[in-house]
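The values are calculated or read from the model by the stated rules, or taken from the named source; none is laboratory data. This one's a predicted model, so the numbers in the text were calculated from it and none came from an experiment. Positions of Cβ are generated from backbone atoms using ideal geometry, with glycine treated the same way; all protein chains shown enter the neighbour counts. Just so you know, the surface numbers come from the protein's heavy atoms only, side chains and all, with ligands and any DNA or RNA stripped out. Shrake-Rupley method; radii C 1.70, N 1.55, O 1.52, S 1.80 Å.
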Amino acid sequence: MGDDPITLYGGVLSPYVARVRLFGYAKGIELNEVAPPGGMMTEEYKTHNPIGRIPSIVLYDGFVLPESQAICEYLEDRYPEPSLIPGTPEERARIRLLCQVADAYVMKGLMPFFALIRSIPLDLDRAVGWHARLVEALSHVDAFLVPGSHAAGDRITLADCALVPMLFYTDMFMPPSGYESPIGTFSRLGAYWGSIQQDPHVIRLLSEMKPVLDATLADAGGNAKHG
Ligand SMILES: N[C@@H](CCC(=O)N[C@@H](CS)C(=O)NCC(=O)O)C(=O)O
């Protein structure tokens, strides 16, 4: 029982599922990723996870645990080695801070741009404000990054798992919205984005997501419109 792969209700393009997937790769945990029963937000899936969103995982006692950050913290407790929240209490606080900045600020700026891969048009007039909010959020990440090849030093941590999917979407969503990716305009963040993409687990994650996102963007083709 304890050795069976954990079931992950997921989907390749979700940045929150990507956090859990990358966490699993970096820890060497096998996760059995499947689509949520009935699909996201359906009554069937809500009987397992009342929130209806992905990711969620099925714990060994049968409880379905949602929320990417809670899932990663559980996996950290369940499989402590290698630690992805390592170090002193102060170092661990910095890792959690970067995760919180990613969730509370970066994702807030990025979220409206997901219209690019949904069946709703992206309103380019309102995108000016969303872009400004995203740039401000990225400046917070830049301020809190710890020197090194990774977000919190020289090895992969939960902070990278939270940030990488959001930076990937920033790069992918800005050009079709009429903006250059702002990541390179921040010195620490730009250097970090260059070095973290050399990490083998990140290479694996992005190589799985990029072809699917490219195809989805091509299908949605030009759904960004003025007012
Ligand atoms: N706070 C949640 C957010 C999860 C979330 O919003 N997932 C999206 C997919 S990226 C979802 O399931 N959305 C349902 C929908 O779009 O109908 C987490 O960290 O797991």
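Of the residues that sit in the stretch 45-79 and are assigned to a loop (DSSP other than H, G, I, E, B) and among the β-branched types (Val, Ile, Thr), which one is least open to solvent (accessible area, probe 1.4 Å)?
Among those residues, the one meeting the criterion is ILE54.
For the structure I just gave you, tell me whether LEU124 is aliphatic (A, V, I, L, M) and outside the structural domain of ASP214 (by TED's automatic domain parsing).
Spelling it out, it is not the case that LEU124 is aliphatic (A, V, I, L, M) and outside the structural domain of ASP214 (by TED's automatic domain parsing).
Which of the residues spanning the stretch 168-180 are without any contact (Cβ under 8 Å) to a residue 40 or more places away in the chain and under 17 Å from the mean Cα position of the chain (by Cα)?
ASP171
Quick check: is even one residue across the stretch 66-73 among the hydroxyl-bearing types (Ser, Thr, Tyr) and away from the ligand (no atom under 16 Å from the Cβ)?
Checked against the condition, which is being among the hydroxyl-bearing types (Ser, Thr, Tyr) and away from the ligand (no atom under 16 Å from the Cβ), the stretch 66-73 yields no hits at all.
Go through (1) modelled with pLDDT under 95; (2) not assigned by TED's automatic domain parsing to the domain that holds GLY190 one by one and return the number of the condition SER119 breaks.
(2)
Does at least one position in the stretch 12-30 carry a residue that is open to solvent by less than 30 Å² (accessible area, probe 1.4 Å), outside the structural domain of CYS99 (by TED's automatic domain parsing) and either part of a strand (DSSP E or B) or over 25 Å from ILE85 (Cα atoms) (or both)?
no
Do we have ASP154 as surrounded by 14 or more Cβ atoms within 10 Å (Cβ to Cβ) and among the acidic types (Asp, Glu) here?
For ASP154, the condition - surrounded by 14 or more Cβ atoms within 10 Å (Cβ to Cβ) and among the acidic types (Asp, Glu) - is not met.
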